[in-house]
Amino acid sequence: MTDTLSKSPASAAPGANAMWGGRFEAGNDAIMQAINASIGFDRRLARQDIEGSRAHAAMLAATGIIGSKDAEAIREGLLTVLSEIEMGIFPFRVELEDIHMNVEARLKELIGEPAGRLHTARSRNDQVALDFRLWVRDQCDAAITGLEALIRAFLAQAEAGANWVMPGFTHLQTAQPVTWGHHMMAYVEMFARDRSRFQDARARMNESPLGAAALAGTSFPIDRNMTAQALGFDRPTANSLDSVSDRDFALEFLSASSICAMHLSRFAEELVIWSSAQFRFVQLSDRWTTGSSIMPQKKNPDAAELLRAKLGRILGATVALFTVMKGLPLTYSKDMQEDKEQVFDAADTLMLGLAAMTGMVSDMTANRDSLAAAAASGFSTATDLADWLVRELGLPFRDAHHITGSLVAMAERAGIDLPDLTLEQMQSVHGQISADVFDVLGVENSVRSRISFGGTAPDQVRARINDWKARLK
């Protein structure tokens, strides 16, 4: 998609690309045409290309660079081209290389000479920078919308089980009891950060490169503020060299997508574990599971497993674009044609992943009894015992930690949990332990006691749910 100076098609030699002009006498080799053409994928930018061209033509007319009749013919012709593309009847041609030349060539067939005035004061370099930026901006908006739907699904789960106890894990080992609502709200916070990253990226990319031309700006008296405003940008970009060579907006989108996909993968992993026969924490609906061709009892969490793998595609796209951009001198190089396919695929993958995860979270059923049984196992209230020894007996925490470890070992040898030890057994380790200790050893008491801001106490969970409901209104 590099820019070249155009001459009349009549001046092109036989076999030459008429859109390039007279610089080349011979036509392209078929292999060169195959590696050079981008229309196979950049046709996805058609709407953005036409939107940008319409704004450019209107500006050219408003500044007197082209006549109003030509601008009107261009406007109507571009609408016809867009209609043909949307109806699937547009004649895309590989020999015209890219979406820009395909649109311009069809426009000339439709309206004749005025089509040749559209490219005044513009280059394919700033044109593609504009088109791609508009497309990525749209994807940021779509990701934000998708994330808000997913956050609402987690909020619904959190609200339904704000006081349901379950084990909290470190190292995938039982650590302390928490609530189901608290666990769900952890993902609300994760995906909310993802939403803010897309919002930040969108705000930063919202400057228009149109008018930077090939790399140095233009001698025509254009109004870049007019086109920026028409296209919903905050302002035009401030440096023409940077304008045509910048792909930070795509890298930021990919980076935000990679982090978001990592979060999707983490919860997908939890779903795979939780839905297993060994855990039975959740049941996924038939919409998001498959069976086995040989084992009739199987209900496989295939959607979650596939989501877990999707990060690889998105992260791969991120690395690929960083690799394309890392060694390029200013300004445009043909390498930058390789900036789109990875972003297109990553955006498609992310949106599919967000939609699938929203469906799974909305449909999944938590098994409250299994969660509660698991919360009460594995000495999950050991920390509560240590805290009680500090709070009630005034012991240093390290001493309390040692005493509690001894009591855990005693319970483990007896094949029972901490609440099942007798007072006498506890006093054999430390004589000042009283019967009041049993008030903190139940998992329900444990979660209710975690009242610090952001803690797992049901009242804290409900407060955070209400906070997020208010933010999303």
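The values are calculated or read from the model by the stated rules, or taken from the named source; none is laboratory data. Remember, predicted model here, so these are calculated numbers, not experimental data. Methodologically, a virtual Cβ is constructed for each residue, glycine included, from the backbone with ideal geometry; neighbour enumeration extends over all protein chains shown. SASA here: full protein model, heavy atoms, side chains in, ligands and nucleic acids out. Shrake-Rupley method; radii C 1.70, N 1.55, O 1.52, S 1.80 Å.
Tabulated values for the structure
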| read-out | value |
| --- | --- |
| Segment ASP138-ARG391, length gained on full extension (0.36 nm per residue, minus Cα span) | 85.6 nm |
| Cα centroid separation, the stretch 321-383 to the stretch 400-452 (Å) | 41 Å |
| Rounded FRET efficiency, nearest 0.05, which uses the C-beta distance separating HIS171 from ALA277 and R0 of 22 Å | 0.50 |
| Length gained when the stretch LYS326-LYS473 is fully extended (0.36 nm per residue, less Cα-Cα span) | 48.8 nm |
| Surface accessible to a 1.4 Å probe, per residue, for the residues of the chain, Å² | 46 Å² |
| FRET efficiency, 1/(1 + (r/R0)^6) with R0 45 Å, evaluated for ALA238 and VAL319 via beta carbons | 0.95 |
| Dimensions in Å of the stretch 216-280 - Rg and Dmax from alpha carbons | 22.3, 72 |
| Net length gained if the chain between ASP223 and MET410 were fully extended (0.36 nm per residue, minus Cα distance) | 59.2 nm |
| Sparse-neighbour loop sites [chymotrypsin sites (Phe, Trp or Tyr not before Pro); the stretch 248-314; at most 12 other C-beta within 10 Å; DSSP] | none |
| For peptides 409-422, 312-325, sequence by mean Cβ density within 10 Å, most packed first | 312-325, 409-422 |
| Kirkwood-Stokes translational diffusion coefficient of the stretch 261-392, alpha-carbon pairs, 20 °C, 1.002 mPa s, µm²/s | 118 µm²/s |
| Listed peptides 99-106, 230-237, 55-62, 370-377 by packing density, highest first (mean Cβ within 10 Å) | 99-106, 55-62, 370-377, 230-237 |
| Cα centroid of the stretch 190-205 to Cα centroid of the stretch 235-258, whole Å | 15 Å |
| Vicinal HN-Hα couplings computed from phi for the stretch 211-226 (Karplus, 6.51 cos²θ - 1.76 cosθ + 1.60; Hz; Gly/Pro x) | x, 6, 6, 5, 5, 10, x, 9, 7, 6, x, 6, 10, 5, 5, 5 |
| In order through the stretch 172-179: 3J(HN,Hα) via Karplus (6.51 cos²θ - 1.76 cosθ + 1.60), integer Hz, x for Gly, Pro | 6, 10, 4, 10, 9, x, 10, 10 |
| THR63-ALA216 pseudo-label distance in nm [points 7 Å out on the Cα-to-Cβ vector] | 1.7 nm |
| Three-way shape call for the stretch 126-191 based on the alpha-carbon gyration tensor, with the a/c threshold at 1.5 | oblate |
| Angstrom value of the Kirkwood radius, inverse mean 1/r, which spans all Cα pairs in the stretch 256-322 | 13.0 Å |
| Förster-model FRET efficiency, 41 Å R0, ALA309 and ILE89, C-beta, rounded to 0.05 | 0.65 |
| Sulfur and carbon atoms: percent of accessible area, the chain [1.4 Å] | 53 percent |
| Rough spin-label spacing in nm, given labels placed 7 Å along Cα→Cβ, for GLU109 and SER452 | 6.9 nm |
| Rh (Kirkwood; distinct C-alpha pairs) - the stretch 37-109, Å | 12.5 Å |
